[in-house]
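Shown next, in structure tokens, is the structure this report addresses.
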Amino acid sequence: MGSEILTGGMLIAFLAYGDFWRKMRRAAHEGFNVRASTSYQPLQEKESALLVSHMLQDPNGWDDHLKRSAASTVLSAVYGWLPIDSSADSLVGRINEMMHRVVQACLPGAFLVEIFPSMLYLPDWMATWKRKGKDFFRKDTAMFEELLDDVRNKMVNIQNSGSSTPCFAASLLEGEKKFMLNNQEAAWLAGTMFGAGAETTAAALSVFMLAMTLYPDVMHCAQAQLDAVIGRGRLPTFDDRPNLPYIEAMVKEILRWRPVGPVGLPRRSMQDDWYKGYFIPKGTIVVYNTWAMNRDPKYFPDYDEFRPERYLDSSGQLAEAISDTHSLGHFTYGTGRRYLRPAFTYIHIKGFARICMGKDVANQALFIDIATLLWAVNIEKARDKNGEHIIPSRTDCLDEGLVVRPVPFRCNITARFIEVPSIIAAVTVPLARIDSYN
Ligand code: HEM
């Protein structure tokens, strides 16, 4: 239902290995590989300042600000949009709804067709679920195609005016021949990048807020490094990244400590296999346990503590990551094929696992948002009416389908020094209200 009907075989994460997946992956890689991701850094810097500005104006709405900021950054990277002014933007809502619909459809027991695949061939008039699913696919396709057309029209105007807005959708259109994707495929790929990137990044940032509230010493360590490297006269930038290993370690620890996807995407084995005496017949659905792998005591002693230092060497620099983690030091972006090769007897089970295509742009967003927030504000436990600290739960979480995030909690957010508001105001342009997509 999720892969073939609701998304018409167009959602890259659901595609089986094969030529079509490779075509999609190649096009996505071109726009989001580690080098291409650097072109989104200027907009990520601007968005991080805007995030601080919103946090200072309305500290109680911090969770909404995180959602707006993450959605806005991914929309700009994918479609070249100007910042959106609310996480309730109608387009964001519609794409998120689409993702939730698909995730719900994939839950075991949601649709009988998963148990009886031959139901897929029932004629539409006999299967309401199929008709409705196809209708959603038509509407979502129209939405994504309209977004792509919008970029196409802008590109024509840009050719006339001589200015340019780099974005993933524009690179897809420019590379139409090279990528060999038709209009519908390109439209779905761009739309999926937004769907896969916005809520995941916002959820990881809410884990950061929880960690700062529970671990003030970590926050002070990060702020000491920010003060030493940047001082108090300007905001952090990506040029500071090599000199801020503690912030880099925090990004890793946030993703390891509370993975926003505690289990990975279910995958199907491509051939019979054996693993540690267990027989895995071809076609078995296998789900990798990110939560457990990120808490393997062999690699992560005191795994339940939030301790960025575990990623640093004795001189405070980033230590070499444990092997088989794509230099990440955790499995929250997926395992990739490499990790599972040594674990399985035969590599033909490689159809099993993949890795996130947006990990570099997501790591960049987390880095700059965390650096800018901690440079500018303190995040502390709120107090109740008796002046006692309110301690948020370490474990309560909300399962939102695509992501699992901490339950909403109160915290105090205050500027660290008097000049913060004026420095932020100098770099944040007033929000350009864009027309919402209807
Ligand atoms: C903190 C943020 C993020 C997390 C934790 C995350 C996590 C993941 C995970 C676990 C997968 C599944 C890997 C597998 O198949 O086993 C995945 C796939 C994917 N992610 Fe992300 N992601 C994040 C941000 C992003 C962003 C910002 C984008 C794009 C702009 C993105 C695009 C994708 C795509 C396209 C796939 C499908 C890859 C494929 O099937 O080949 N993700 N991500």
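Does the stretch 211-224 contain any residue that is assigned to a helix (DSSP H, G or I), farther than 30 Å from TYR17 by Cβ, within 16 Å of the ligand (Cβ to nearest atom) and not aliphatic (A, V, I, L, M)? No; the residues of the stretch 211-224 include none that is assigned to a helix (DSSP H, G or I), farther than 30 Å from TYR17 by Cβ, within 16 Å of the ligand (Cβ to nearest atom) and not aliphatic (A, V, I, L, M). Residue count for the stretch 270-283 satisfying the condition of being surrounded by 15 or more Cβ atoms within 10 Å (Cβ to Cβ) and at pLDDT 80 or above: 1. Can you say whether ALA27 is closer than 30 Å to LEU398 by Cα, buried (at least 23 other Cβ atoms within 10 Å of the Cβ), within 12 Å of the ligand (Cβ to nearest atom) and at pLDDT 90 or above, as far as the supplied structure shows? In short, no.
The test for being more than 22 Å from LEU366 (Cα to Cα) and within 19 Å of the chain's Cα centre (by Cα) holds for PRO266.
Being within 16 Å of the ligand (Cβ to nearest atom) and open to solvent by 70 Å² or more (accessible area, probe 1.4 Å) is a condition met by no residue of the stretch 127-140. Of all residues in the stretch 367-404, those that are without any contact (Cβ under 8 Å) to a residue 60 or more places away in the chain, under 23 Å from CYS221 (Cβ atoms) and open to solvent by 40 Å² or more (accessible area, probe 1.4 Å) total 1.
If the condition is being within 23 Å of LEU374 (Cα to Cα), more than 17 Å from the chain's Cα centre (by Cα) and of a type outside the set (A, V, I, L, M, F, W, C), then the stretch 46-84 contributes LYS46, SER53, HIS54, GLN57, ASP58, PRO59, ASN60, GLY61, PRO83.
Just one of the numbered conditions (1) open to solvent by less than 80 Å² (accessible area, probe 1.4 Å); (2) farther than 30 Å from VAL407 by Cβ; (3) in contact (Cβ under 8 Å) with a residue 12 or more places away in the chain is not true of PRO166; which one? Of the numbered conditions (1) open to solvent by less than 80 Å² (accessible area, probe 1.4 Å); (2) farther than 30 Å from VAL407 by Cβ; (3) in contact (Cβ under 8 Å) with a residue 12 or more places away in the chain, the odd one out for PRO166 is (1).
For the stretch 5-24, which residues satisfy the criterion of being aliphatic (A, V, I, L, M) and more than 11 Å from the ligand (Cβ to nearest atom)? Of everything in the stretch 5-24, those that are aliphatic (A, V, I, L, M) and more than 11 Å from the ligand (Cβ to nearest atom) turn out to be ILE5, LEU6, MET10. Scanning the stretch 225-253 for residues being assigned to a helix (DSSP H, G or I), among the small types (Gly, Ala, Ser) and open to solvent by 30 Å² or more (accessible area, probe 1.4 Å) gives a total of 1. Note on the stretch 248-261: residues that are more than 10 Å from the ligand (Cβ to nearest atom) and not basic (Lys, Arg) total 5.
Of all residues in the stretch 193-203, those satisfying the criterion of being in contact with a helix residue (DSSP H, G or I) (Cβ under 6 Å, 6 or more places away or on another chain), more than 12 Å from VAL92 (Cα to Cα) and within 7 Å of the ligand (Cβ to nearest atom) are MET193, THR201. Tell me whether the stretch 320-333 contains one or more residues that are modelled with pLDDT of 90 or more and more than 16 Å from the ligand (Cβ to nearest atom). Among the residues of the stretch 320-333, not one is modelled with pLDDT of 90 or more and more than 16 Å from the ligand (Cβ to nearest atom), which makes the answer no.
Just for the stretch 45-79: of the residues that are of a type in the set (Gly, Ala, Ser) and surrounded by fewer than 24 Cβ atoms within 10 Å (Cβ to Cβ), which one is farthest from LYS154 (Cα to Cα)? Taking the candidates together, the pick is GLY61.
The condition of being within 16 Å of the ligand (Cβ to nearest atom) and not hydrophobic (A, V, I, L, M, F, W, C) holds for only one of GLY277, GLY264, that being GLY264. For the stretch 169-187, taking the residues that are more than 11 Å from ALA28 (Cβ to Cβ) and within 14 Å of the ligand (Cβ to nearest atom), the one that is most open to solvent (accessible area, probe 1.4 Å) is identified as GLU185. The sole residue among ARG101, ARG94 that is open to solvent by 60 Å² or more (accessible area, probe 1.4 Å) and either under 20 Å from the mean Cα position of the chain (by Cα) or at pLDDT 95 or above (or both) is ARG94.
The values are calculated or read from the model by the stated rules, or taken from the named source; none is laboratory data. Just so it is clear, the model here is predicted, and its values are computed rather than measured. All Cβ positions, glycine included, derive from the backbone under ideal geometry; neighbour counts span all protein chains shown. Note: areas computed on protein heavy atoms with side chains; ligands, DNA, RNA excluded. Shrake-Rupley method; radii C 1.70, N 1.55, O 1.52, S 1.80 Å.
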